[in-house]
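Below you'll find the structure, written out as structure tokens, and then a few comments.
Each reported figure results from applying straightforward, stated rules to the coordinates on display, with no laboratory input. Model, not experiment: these values are computed from the prediction. Cβ placement follows ideal geometry from the backbone for every residue including glycine, while neighbour counts extend to all protein chains displayed.
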Amino acid sequence: QVQVVESGGGLVQAGGSLRLSCAVSGIIFRSNVMGWYRQGPGKQRELVARITSGGSVSYADSVEGRFTISRDTAKTALYLQMSSLKPEDTAVYYCNVYTNLRDYWGQGTQVTVSS
């Protein structure tokens, strides 16, 4: 069983920064993918950024150049550094771990960007 817990959300003005953290515990297989998703008001959940066990990183076009995903070497924590935030970044952000053919999700953390 894998547990995923996000933290770090909050209210920030447009142009500001926030750092999200995700604590991961349990058995993580060598082959895995960790990522951040978000779901804005009235929108579907979408991929924001992800990082593979091999270190490959990908971003949604909407956040490329503004957000940075990273993880610790023990793969027990995942981070999302968000800069130059825009009101359209307002959403609940979810941490996701894909390992052993299963998806694990956190409860989400709210990020609100005021204009």
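Once C-alpha pairs closer than 8 Å and six or more residues apart are averaged by separation and normalised to the residue number of the chain, the relative contact order reads 37 percent.
In the chain the longest region clear of trypsin sites (Lys or Arg not before Pro) that are loop-assigned by DSSP and have at most 14 other C-beta atoms within 10 Å covers 44-115.
Inter-label distance, N100 to T68: 3.3 nm, where each label sits 7 Å from its Cα along the C-beta direction.
Geometric descriptor of segment 69-115, per residue, is 84 Å³ (volume of the convex hull of the Cα atoms). Between T73, T90, T99, the residue with the greatest mean-square fluctuation in the GNM of the chain (Cα pairs under 10 Å linked by springs) is T73.
Restricting segment 9-115 to GluC sites (Glu not before Pro) that sit in a DSSP loop and have at most 16 other Cβ atoms within 10 Å of their own Cβ leaves E64. Is the chain rounded, prolate or oblate when judged by the Cα gyration tensor, a ≥ b ≥ c being the square roots of its eigenvalues, rounded requiring a/c under 1.5 and prolate requiring a/b larger than b/c? Prolate. Nearest-5 percent of antiparallel DSSP beta bridges in the chain? Among the beta bridges of the chain, antiparallel pairing accounts for roughly 90 percent.
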